[in-house]
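Readers should treat all values here as calculations from the given coordinates under stated rules, not as data from a laboratory. Computed from a predicted structure; not experimentally measured. So basically every Cβ, Gly included, is an ideal-geometry build from the backbone, and we count neighbours across all protein chains shown.
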Amino acid sequence: MRVTIKDIAKKVGVTPATVSMVINNSPKISQKTKELVMQAIKEMNYHPNYIGRSLVKGKTNNIAVVASFFASLFALESVRGIENNLRKTAYNLILYSTRGVEENERDVLRRVFYERRADGFIIISLKPDDELVAEFEKEGLPVVFIEEIVKGAPTVKFNNIKGAFLATEHLIKKKRKKIAIIKGSKVLNAEERFKGYKDALEYYGIPFDEKKVIDVVDYTFEEGETLLKNLMKKSGGVDAIFCSAGDITAIGVMDAAKKAGIKIPQDLSIIGYDDVYLSNLTNPGLTTVRQPIAQMGMQAFDLLTDMIEGKAPMESKIISFEPELIIRDSV
């Protein structure tokens, strides 16, 4: 039989209203009463009816996180950071994937929004259209973006232009002149990294060559494996690759190079992006750009909960994290 607030109140000798205030952490209740009520809740294995509470209070205690794929390293690490701070609170986490389909993005966001499944959104590397953002603002629904800049909402992002510049500059200083880039597409961080790459080439007087640019879609090891042969054929040969699409893809490129008898770094230098734990386990170790993804997730969660709880307004602002070049033996 399900335990109710009335059962807790009867055991402790207080009113159901007092139990409700304890559950909602009301400052009006004494510490002694809170401890008695919480002890009874634990002993009687009471769990609040959150559906009913959300109907009464207009609050779900849910945080919705939306991304194209949660199999990607960036999304996984972002969620790890979010979960790190969430476990200290009463909020629940719900993940929504658009499965990499643009049409799904709007449908998913609208469904969660109109059905009021969450009190706020954290949106990873996706940019809703202006109409939907305007609806969020009108209804006062808090939203935090990771890596995409949207007017009227806060963004937590990485200084991708600087990170890509540092990586490309390092290759140039190692006397590499035919530098290719493997990059993502259609999202802001991919374009920013591409800009940093081109800025470094221009700064050091190396002509940009469109034939040395390869796009990826899924950011996987398998893509990296298949790209190297195509890149060499398309470009006429390269002596370095900056894999701004991430370390996992870069490790796939390294694997393909070894199978083709290409020596790293003697014949081909490779730099990745992210600094995943595997990048230090490859042979040779992968030089890469470290970005603190989990910390970005933690920051996004704190921003969102402050807005939900009325401690901060929803407004345009950018919180930026700086890159660090991690030098290993692949260059």
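Amide H of Thr287 versus every other amide H placed in the peptide plane: which residues, excluding those fewer than 5 positions away on the same chain, fall under 5 Å?
Amide H neighbours of Thr287, under 5 Å, 5+ apart: Gly272, Arg328, Asp329, Ser330, Val331.
In the stretch 5-48, how many lysine pairs have Cα atoms under 16 Å apart, counting only pairs 8 or more places apart or on different chains?
9
So what's Rg/Rh here for the stretch 160-291, counting alpha carbon atoms and using the Kirkwood radius for Rh?
Numbers: Rg = 13.0 Å, Rh = 14.1 Å.
Rounded to two decimals, Rg over Rh is 0.92.
Relative contact order (percent) for the stretch 5-48, with alpha-carbon contacts under 8 angstrom and 6 or more residues of separation? If you can, show how the numbers build up before the last one.
Values: 29 pairs, mean separation 16.3, N = 44.
Relative contact order, the stretch 5-48: 37 percent.
What residue among Gly310, Gly272, Gly152 has the largest mean-square fluctuation in a Gaussian network model of the chain, using Cα springs under 10 Å?
Largest GNM mean-square fluctuation: Gly310.
Explain nothing, just compute: Karplus ³J(HN,Hα) = 6.51 cos²θ - 1.76 cosθ + 1.60, θ = phi - 60°, for every residue of the stretch 64-78 in order, whole Hz, x for Gly and Pro.
So the Karplus estimates, Gly and Pro as x, are 9, 10, 10, 8, 5, 9, 8, 7, 6, 4, 4, 5, 4, 5, 4 Hz.
Hey, what number do you get for the chain at 222 nm if only DSSP H runs of n ≥ 4 count, each worth -39500 (n - 2.57), divided across all residues, to the nearest 500?
After summing the helix terms and dividing by residue count, I get -14000 deg cm²/dmol.
Can you find, among Asn45, Asn160, Ile182, the residue farthest towards the positive end of the dipole of the chain? Put +1 on the C-beta of Lys and Arg, -1 on that of Asp and Glu.
Highest projection toward the positive end goes to Asn45.
How high is the relative contact order of the chain, in percent, counting Cα pairs under 8 Å that sit 6 or more residues apart?
Values: 600 pairs, mean separation 58.5, N = 331.
Taking the mean separation of contacting Cα pairs over the length of the chain, I get 18 percent.
Build a GNM of the chain with springs between Cα atoms under 10 Å: which of Leu95, Leu304, Leu281 gets the top mean-square fluctuation?
Its mean-square fluctuation being the largest, the pick is Leu281.
So how strong a dipole does the chain carry about its Cα centre when Lys and Arg Cβ are +1 and Asp and Glu Cβ are -1, to the nearest 20 debye? Please report the intermediate quantities before stating the final value.
On the way: 48 positive and 44 negative charges, 169 e Å.
In debye, rounded to 20, the chain gives about 820.
For the chain, state what percent of all Cα-Cα pairs lands in each successive 20 Å bin, counting from 0 Å until the bin that includes the largest distance.
Histogram of Cα-Cα distances, whole percents per bin: 29, 44, 21, 6, 0.
Among the lysines, select those whose C-alpha is under 19 Å from the C-alpha of Lys175, and discard any that sit fewer than 8 residues away in the same chain.
Lys198, Lys212, Lys263
Taking the Cα centre of the stretch 180-331 as origin and charging only Cβ (+1 Lys, Arg; -1 Asp, Glu), how large is the dipole, in debye to the nearest 20?
Numbers: 17 positive and 24 negative charges, 118 e Å.
That gives a dipole near 560 debye.
Among 314-320, 131-137, how do they line up by average Cβ neighbours within 10 Å per residue, starting with the highest? Show your work: numbers first, answer last.
Values: 314-320: 12.7, 131-137: 15.0.
The peptides rank, most packed first, as 131-137, 314-320.
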